[in-house]
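One structure below.
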Amino acid sequence: MLTPETGRALTAKSRKENCGNPFFTVLRMKSEDIPAAASLEREVFSDPWSEDMLRGGFAASSQLYFCAWAQGGALAGYGAVMAVLDEGELLRIAVAPAFRRQGAAAMLMEQIFRTAAERKLAFMMLEVRKGNIPAVRLYEKYGFAAEGIRKNYYQNPAEDALMMRKIF
């Protein structure tokens, strides 16, 4: 796994800012983090975003990207959110298999919700594979509720998307 540039070491201050989790710190993604995020995409998704897609989203003024860095410098996960006016869309949460169920996704969600509050979003939407039960449960834990189905939304393999929304 790629490591972040100097200055990303976990400190006592960053532990406190990250809800006391001593294993991860969440920071805004930098352009030099994109290759690591693209590598993670290929590792965890059957239809991964390319590095070019990540760069395009990263450059968009309406999108914000965050990285969860593990102690020692490995990219544990990343998240992306889009905010337009008072509407938000959770675009991506990706966590490396080695770091799952250790709090990285929770820390990314908490950062995304802080961003939603700062931007005064009224609600946030997302799509998730209907069969991705761990992700659906994570989103439900954070207050998202199912609102509908998008038939055959995903490819490789074909699967319906569950549309979910959280009202702030």
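The values are calculated or read from the model by the stated rules, or taken from the named source; none is laboratory data. The model shown is predicted, which means the values in this text are computed figures rather than measured ones. Positions of Cβ are backbone-derived with ideal geometry, glycine not excepted, and every protein chain shown enters the neighbour counts.
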Within region 48-73, tally of residues that are touching a Pro at 6+ places or on another chain (Cβ under 9 Å) and touching a residue at least 40 places away in the same chain (Cβ under 8 Å) | 4
How many residues are exposed (fewer than 12 other Cβ atoms within 10 Å of the Cβ) and over 22 Å from Asn156 (Cβ atoms) when one looks only at region 28-59?
-> 4
Filter result for Arg92 (surrounded by 15 or more Cβ atoms within 10 Å (Cβ to Cβ) and either without any contact (Cβ under 8 Å) to a residue 12 or more places away in the chain or over 14 Å from the mean Cα position of the chain (by Cα) (or both)) = no
Looking only at residues in region 109-168 that are in contact (Cβ under 8 Å) with a residue 24 or more places away in the chain, among the polar types (S, T, N, Q) and on the phi < 0 side of the Ramachandran plot, which one is surrounded by the fewest Cβ atoms within 10 Å (Cβ to Cβ)?
-> Gln155
Out of the residues in region 126-147 that are under 21 Å from Asp86 (Cα atoms) and in a strand (DSSP E or B), state the one that is farthest from the chain's Cα centre (by Cα).
-> Glu147
If you go through region 97-113 one residue at a time, do you hit one that is in contact with a strand residue (DSSP E or B) (Cβ under 7 Å, 6 or more places away or on another chain) and farther than 17 Å from Thr25 by Cβ?
-> no
Output yes when any residue across region 69-83 is hydrophobic (A, V, I, L, M, F, W, C), out of contact with any Lys or Arg (no Cβ under 9 Å at 6 or more places or on another chain) and surrounded by fewer than 16 Cβ atoms within 10 Å (Cβ to Cβ), and no when none is.
-> no
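Matching residues to (1) over 23 Å from Ile34 (Cβ atoms); (2) modelled with pLDDT of 95 or more:
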residue: Glu89; (1), (2): no, yes
residue: Ile112; (1), (2): no, yes
residue: Ala122; (1), (2): yes, yes
residue: Lys130; (1), (2): yes, yes
residue: Gly143; (1), (2): yes, yes
residue: Asn152; (1), (2): yes, yes
residue: Pro157; (1), (2): yes, no
